Amino acid sequence: MTNPAGTGALPAEFAAGVVFVHAHPDDETLTTSALIAALAEAEIPVTVITATRGERGEIVPGSVPEGADLTAVRAEELRAALAALGVTRHHYLGEGRRHYRDSGMVWGADGRAAPALDRDPEALTAADPHEVDSDLRTLIQAAAPTPGALVTYDSDGGYGHPDHLATHEATLRVATALNVPLFVVLDPTDTDFDLEIRRDAHTVRVRAAHAAHASQFSLAETSITHSGGQHQDLQAVERYRRLR
């Protein structure tokens, strides 16, 4: 642990701008909303890249009108969440060239995510890694020719979702190729961290971003209930480790 501080001690390398790379709409809020808010409030350039549109995610009952386009609904939720966090620069991976689709998942017997049996041929995990890397590198360098740092999931992807794993792997490859620092999201109970951000320092922004993702989960005072019924207490801190 090298930096147990809150929002007052952001790493110096962040000053050149930070690019967050996420797999689905809502991941930016569930895992990195306090850090994004802290950067925005410090007037540090923030770019969020979302790999897929979350087409295969479950839906909170009654949250999406019958016949509505889920992709459009989740795009609007993401726009609102990013606005709440103070982000003005957002891109989808492959923007203007192709649409990487949500790979889907199933819950394994161990309670972790496992690959879906009916993966779309246009899914992120079905794509050539070189193509994914090229698209990611293009967006990163458009955001900042030499960003201060990249942020994404750790090698476990948080809970094993195939798109999270693919996003981690692509971001690590591109960070290495560009020689850019890479920070990964840790479980908030992990004690081996380099950066900690307290969410209560950014409560208004963080809660507004959570509330924006109404099709993904229901927000209560101290917890959320995911679309699949899983209950989760709202975490008090976000912890990150510098991977490279």
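The values are calculated or read from the model by the stated rules, or taken from the named source; none is laboratory data. All figures in this text were calculated on a predicted structure; none of them were measured in a lab. Reconstructed Cβ throughout: ideal geometry from the backbone, glycine too, with neighbour counts over all protein chains shown.
Looking at the structure I just gave you, is residue 168 in contact with a strand residue (DSSP E or B) (Cβ under 8 Å, 6 or more places away or on another chain) and free of Cβ contacts under 8 Å to residues at least 24 places away in the same chain? Even if it seems obvious, please write down each step before you answer.
Details: in contact with a strand residue (DSSP E or B) (Cβ under 8 Å, 6 or more places away or on another chain): yes; free of Cβ contacts under 8 Å to residues at least 24 places away in the same chain: yes.
Yes, satisfied.
Determine which member of the set 133, 110, 118 is of a type in the set (Asp, Glu) and free of Cβ contacts under 8 Å to residues at least 12 places away in the same chain. Quick ask: steps written out before the conclusion?
Working: 133 fails: free of Cβ contacts under 8 Å to residues at least 12 places away in the same chain; 118 fails: free of Cβ contacts under 8 Å to residues at least 12 places away in the same chain.
When all the criteria are applied, what remains is 110.
Taking the stated definitions as given, is residue 151 surrounded by 14 or more Cβ atoms within 10 Å (Cβ to Cβ), touching a Ser or Thr at 6+ places or on another chain (Cβ under 8 Å) and not acidic (Asp, Glu)?
On the way: surrounded by 14 or more Cβ atoms within 10 Å (Cβ to Cβ): yes; touching a Ser or Thr at 6+ places or on another chain (Cβ under 8 Å): yes; not acidic (Asp, Glu): yes.
Taking the combined requirement at face value, the residue satisfies it.
Would you list the strands (runs of 3 or more DSSP E) that sit entirely within the range 169-231 and hold 2 or more residues that are surrounded by 12 or more Cβ atoms within 10 Å (Cβ to Cβ), modelled with pLDDT of 95 or more and of a type outside the set (Phe, Trp, Tyr)?
Values: elements: 182-186, 195-198, 217-219, 223-226.
Per the criteria, 182-186, 195-198.
When the residues of the range 217-244 are narrowed to those that are of a type outside the set (A, V, I, L, M, F, W, C) and under 30 Å from residue 178 (Cα atoms), which ends up farthest from the chain's Cα centre (by Cα)?
Step one: list which residues in the range 217-244 are of a type outside the set (A, V, I, L, M, F, W, C), which gives 218, 221-223, 225-233, 235, 238-242, 244.
Narrowing the set further to residues that are under 30 Å from residue 178 (Cα atoms) leaves 238-242, 244.
Values: 238: 13, 239: 14, 240: 13, 241: 15, 242: 16, 244: 19 Å.
Once the filter is applied, the top-ranked residue is 244.
Confirm whether residue 100 is surrounded by 14 or more Cβ atoms within 10 Å (Cβ to Cβ), touching a strand residue (DSSP E or B) at 6+ places or on another chain (Cβ under 6 Å) and aromatic (Phe, Trp, Tyr).
Numbers: surrounded by 14 or more Cβ atoms within 10 Å (Cβ to Cβ): yes; touching a strand residue (DSSP E or B) at 6+ places or on another chain (Cβ under 6 Å): no; aromatic (Phe, Trp, Tyr): yes.
The answer is no for residue 100.
Looking at (1) in contact with a strand residue (DSSP E or B) (Cβ under 7 Å, 6 or more places away or on another chain); (2) outside any loop (DSSP other than H, G, I, E, B); (3) not hydrophobic (A, V, I, L, M, F, W, C), which one does residue 131 not meet, given that it meets all the others?
(1)
If you take the residues in the range 99-112 that are aliphatic (A, V, I, L, M) and closer than 25 Å to residue 72 by Cα, which one is modelled with the highest pLDDT?
Within the range 99-112, the subset aliphatic (A, V, I, L, M) is 105-106, 109.
Filter once more, keeping what is closer than 25 Å to residue 72 by Cα: 105-106.
On the way: 105: 78, 106: 81.
Here the residue is 106.
Among the residues of the range 61-103, which ones are in a loop (DSSP other than H, G, I, E, B) and within 16 Å of the chain's Cα centre (by Cα)?
Pass one, the range 61-103, residues in a loop (DSSP other than H, G, I, E, B): 61-69, 86-88, 93-100, 102-103.
Result: 86, 87, 88, 93, 100, 102, 103.
Answer yes or no as to whether residue 63 is more than 25 Å from residue 188 (Cα to Cα) and polar (S, T, N, Q).
Details: more than 25 Å from residue 188 (Cα to Cα): yes; polar (S, T, N, Q): yes.
Yes.
Residue by residue through the range 61-97, note down the ones that are out of contact with any strand residue (DSSP E or B) (no Cβ under 6 Å at 6 or more places or on another chain) and among the β-branched types (Val, Ile, Thr).
Of everything in the range 61-97, those that are out of contact with any strand residue (DSSP E or B) (no Cβ under 6 Å at 6 or more places or on another chain) and among the β-branched types (Val, Ile, Thr) turn out to be 64, 71, 73, 88.
Looking only at residues that are among the small types (Gly, Ala, Ser) and touching a residue at least 60 places away in the same chain (Cβ under 8 Å) in the range 73-82, which one is nearest to residue 201 (Cα to Cα)? Full working, then the answer.
Step one: list which residues in the range 73-82 are among the small types (Gly, Ala, Ser), which gives 75, 80-81.
Narrowing the set further to residues that are touching a residue at least 60 places away in the same chain (Cβ under 8 Å) leaves 80-81.
On the way: 80: 20, 81: 17 Å.
For the range 73-82, the residue satisfying everything is 81.
Conditions: (1) within 30 Å of residue 127 (Cβ to Cβ); (2) of a type in the set (Asp, Glu); (3) out of contact with any Ser or Thr (no Cβ under 7 Å at 6 or more places or on another chain); (4) not in a helix (DSSP H, G or I). Residue 238 meets all but one. Number of the miss?
Of (1) within 30 Å of residue 127 (Cβ to Cβ); (2) of a type in the set (Asp, Glu); (3) out of contact with any Ser or Thr (no Cβ under 7 Å at 6 or more places or on another chain); (4) not in a helix (DSSP H, G or I), only one is false for residue 238: (3).
Given the conditions (1) modelled with pLDDT of 95 or more; (2) surrounded by 15 or more Cβ atoms within 10 Å (Cβ to Cβ); (3) farther than 20 Å from residue 48 by Cα, and given that residue 120 satisfies all but one, which numbered condition is not satisfied?
(1)
Kindly list, by first and then second residue, each pair from a residue in the range 1-26 that is surrounded by 21 or more Cβ atoms within 10 Å (Cβ to Cβ) and of a type in the set (Phe, Trp, Tyr) to a residue that is at pLDDT 50 or above and in a loop (DSSP other than H, G, I, E, B), limited to pairs with Cβ atoms under 6 Å and residues at least 6 apart or on different chains.
14/44; 14/148
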